[in-house]
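Just so you know, all these numbers are worked out from the coordinates, no wet-lab data involved. Quick caveat, the model's predicted, so the values are computed rather than measured. Because the Cβ atoms are built from the backbone with ideal geometry, glycine has one as well, and the counts that use them run over all protein chains shown.
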Amino acid sequence: MIKLLQNRNFSLLFIGQLISQLGDFGLTIALPFYVYQLSGSPLATALTYVTRALPMFFVGPIAGVFVDRWNLKRTMWIANLSSALVLLPGFYVTSVRWIWLLWLGSLLESSCNRFFNPAKQSFIPQLVRKEELVEANGFSSMIESIAQILGPILAGGLAVWIGFQSILLIDIGSYLISALCIFFITGSVNNQSKVGNRQHHTVWMEFKDGLAVMVKFQKIRVLCITVMMFMISQGIIDALIVVSISVVLHGNQSVLGYAEASQGAGMVITGLMMGWVKRYISYENMFAWGLLGVGLSFMIGFNADRLFILLPALLITGLFTTMQMVGYRTLLQVETPPETRGRIFASVTSLMSMSAILASFVSGALAQVLPIHFFFNLASLALISAGTFASVMFLKLKGQDSPVKKV
């Protein structure tokens, strides 16, 4: 990990990401609570998550095509600047009458991120050597985890004392700092050389080329099916965790902040150990075993109805979450041809989004007539099923050639 930090470009990218994600996690905690305070509606709160997820499905696949065409560095810093701009109208929302501006800002911010995220995942293999990818992805997950610890604490404290608008301002500032860090990355780190032999291709043709890779190769197909199952559970949890903490645990933003921070702490621990973990566990098993661990710990934590059990369970969840995330990202980076990475990452994300949207909307609506525990148990079972399916299929496909060798 020390060698990674000595890489100037890699360090600039992730210093910016740490700051940006601190703002993001803070707003992720503060926004649904603010919507719930203004509206008092579980459905309105669930719509906050739905608006963030919709662009993953409708914008993501097309964004991936352009990411594969454009300069990656420029795509990322412009996406950051755009995210900062679209959040500005949120300062004027002080009543339920204007709550739609929060949904609109969330929708547009997520749309900008549909360009940023696949660009970042395509960018990382250009900044580090192949043998450093697992540690680089582990470091990326650790950065997210640190932000997940500090961001909710920041939001939980500041939102109570100085208001939602302050959290919004912090997130806007974090996007601007991230854009500046990326702007100062130097060297030949763009993908424009890949465009020459495709300059006459249409967006639709390139989109179909990306889908062809996903359909043709079984490992990528298994990964797509599994992450859809994962996002069904994530959609349920995201939509209802605020209601669960408010109604079942009688908590507020601070309690949600403690929950997010506990999970983030577990993620940091695994991120620090990733250099050791990669020696003994394959990418495939990191992904599959991570899903199993997350499902089991979620089931224990959310059935306990006690904060002193939920927080340690979420700590364990974080340990397995990093394994799952690193396995997923490294598998796609290794198994996907470089010229299609943007499209593959964006398309997989769109499938994840479709699952999360449906799960969030349905669970948010049905939570008014069905008990909360039913949905959290359903989410846990989806994760356990996904991990079991991935373990069996990756064992069956062991030794299959990577599409990178065939395309």
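Simple spin-label estimate for LEU101 and LYS396 gives 5.3 nm between the two label positions (7 Å along the Cα-to-Cβ direction from each Cα). Computed over segment 276-362, the P(r) tail beyond 21 angstrom holds 47 percent of alpha carbon pairs. Just to confirm the number: angle between the C-alpha axis of helix 203-216 and the first principal axis of the chain, 0 to 90 degrees, nearest 10? Tilt of helix 203-216: around 90 degrees. Rg/Rh for segment 297-407 stands at 1.05; both radii use Cα atoms, and Rh follows the Kirkwood definition. Here the contact order of the chain, divided by its residue count and restricted to Cα pairs under 8 Å and six or more residues apart, works out to 28 percent.
Of the chymotrypsin sites (Phe, Trp or Tyr not before Pro) found in segment 205-305, the ones in coil according to DSSP and having at most 13 other Cβ atoms within 10 Å of their Cβ are TYR280. In straight-distance terms, cross-link reach from LYS396 covers every one of the aspartates and glutamates whose alpha-carbon lies under 20 Å from its own, apart from those fewer than eight places away in the same chain; here that gives GLU284, GLU335. Rounded to the nearest 20, the Cβ-based charge dipole of the chain about its Cα centre (Lys and Arg +1, Asp and Glu -1) stands at 1100 debye. Using a Förster distance of 35 angstrom, determine the FRET efficiency expected from the C-beta separation of ILE15 and LEU88, and round it to 0.05. Working from the Cβ atoms, E equals 0.90. Each label point was placed 7 Å from the Cα along the Cα-to-Cβ direction; for PHE389 and TYR280 their separation is 2.9 nm. From the coordinates of this entry, mean projected area of the Cα convex hull in nm² is computed, and it appears in [x] 19.2; [y] 51.0; [z] 18.2 under the label [z]. What FRET efficiency do you get for LYS216 and ASN303 if R0 is 30 Å and r is their Cβ-Cβ distance, rounded to the nearest 0.05? E(calc), rounded to 0.05, equals 0.15. Among THR270, GLN234, GLY40, which residue has its Cα positioned farthest towards the positive end of the charge dipole of the chain, with +1 placed on the Cβ of Lys and Arg, -1 on the Cβ of Asp and Glu, and the dipole taken about the Cα centre? Ranked along the dipole, the leading option is THR270.
Placing +1 on the Cβ of each Lys and Arg and -1 on the Cβ of each Asp and Glu in the chain, which of ASN80, ILE124, LEU176 has its Cα farthest towards the positive end of the resulting dipole? Sorting the options by dipole projection puts first ILE124.
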